[in-house]
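This report refers to the structure that appears directly beneath it.
Values quoted throughout were computed directly from the atomic coordinates according to the rules given, and no laboratory measurement underlies them. All values derive from a computational prediction rather than experimental measurement. Cβ placement follows ideal geometry from the backbone for every residue including glycine, while neighbour counts extend to all protein chains displayed.
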Amino acid sequence: MNTHTIQYGDSRTPLGAVLKQKNESGVLAAVDLTGVTVKVLIVDADGRVVVAETTTGVTVVDADAGKVSYEFRSGDDALPAGTYYLYFRVYVGTERDTFPVVPKELKVVVKQHIEDETSS
């Protein structure tokens with residue numbers, strides 16, 4: 001399981017991932033993201049959707065290498081402290097593949113906000 005930990009409200013450093021699936025030979029390989037739409041979906045530990053499928057914050061970093069990133073929202077849209085699971089969904093027209101394929105494999109832990117000690 002991959003775990004990405006952030007502080008509440010942090011949005012500067014995106015979560016990066018390489019989307020992979022088995023090719024025709026059964027070998028795990030990067031998914032070619034050329035010409036596709038990539039969306040993100042985030043659910044809480046109970047499976048409730050907390051960020052509905054969206055392209056907002058999603059960037060295809062290297063289409064040939066299957067590299068994507070998601071920039072977390074800040075302000076009122078920030079995820080509250082807790083444990084979440086993030087999925088990238090790749091669309092070609094109306095057809096979709098979800099990554100990671102194994103449920104709850106990409107874990108996001110949001111820590112409680114810490115007061116800036118330098119401001120005191």
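Return the long-range amide H neighbours of Gly66 (sequence gap of 5 or more, or a different chain), with a cut-off of under 5 Å between placed amide H atoms.
For Gly66, the qualifying residues are Leu33.
Positive end of the charge dipole of the chain (Lys, Arg +1 and Asp, Glu -1 on Cβ, about the Cα centre): tell me which of Ile42, Thr55, Thr94 has its Cα farthest that way.
Farthest along the dipole direction, towards plus: Thr94.
Counting only residues 5 or more places away or on other chains, whose amide H sits under 5 Å from the amide H of Val108 once H atoms are built in the peptide plane?
Residues meeting the amide H criterion: His4, Tyr84, Tyr85, Leu86.
Can you classify region 8-70 as rounded, prolate or oblate using the Cα gyration tensor, where a ≥ b ≥ c are the square roots of its eigenvalues, rounded means a/c under 1.5, and otherwise it's prolate if a/b beats b/c and oblate if not? Intermediate results must be reported in sequence, preceding the final value.
Working: a/c = 2.20, a/b = 1.59, b/c = 1.38.
Prolate.
By the scheme Lys and Arg +1, Asp and Glu -1, what is the net charge of all other residues having a beta-carbon under 9 Å from that of Leu19? The partial results should precede the final answer.
Values: positive: Lys20, Lys67; negative: Asp97.
Taking every other residue near Leu19 into account, the sum is +1.
Within the chain, count lysine pairs with alpha carbon atoms under 23 angstrom apart where the residues are 8 or more positions apart or belong to different chains.
Here the count comes out as 13.
Please list, in chain and number order, the residues 5+ apart from Gly57 or on another chain whose amide H is under 5 Å from its amide H, with Hs placed from the backbone.
none
For Leu41, what charge total do you get from the other residues with a beta carbon under 9 Å from its beta carbon, if Lys and Arg give +1 and Asp and Glu give -1?
It works out to a net charge of +1.
Just to check I understand the Karplus step: with θ = phi - 60° and J = 6.51 cos²θ - 1.76 cosθ + 1.60, what whole-Hz values come out for region 17-31, glycine and proline as x?
8, 10, 7, 10, 7, 5, 8, 4, 8, x, 9, 5, 9, 5, 7
What's the FRET efficiency of Val27 with Met1 using the Cβ-Cβ distance as r and R₀ = 25 Å, to the nearest 0.05?
Taking R0 as 25 Å, the efficiency between Val27 and Met1 is 0.65.
Which entry in [x] 1.27; [y] 0.95; [z] 1.14 is this structure's computed Cα Rg over 2.2 N^0.38 Å?
Given [x] 1.27; [y] 0.95; [z] 1.14, the structure-derived one carries the label [z].
With +1 on the Cβ of every Lys and Arg and -1 on the Cβ of every Asp and Glu, and nothing else charged, how large is the dipole of region 2-113 about its Cα centre, in debye rounded to the nearest 20?
Numbers: 12 positive and 14 negative charges, 48 e Å.
It comes to approximately 240 debye.
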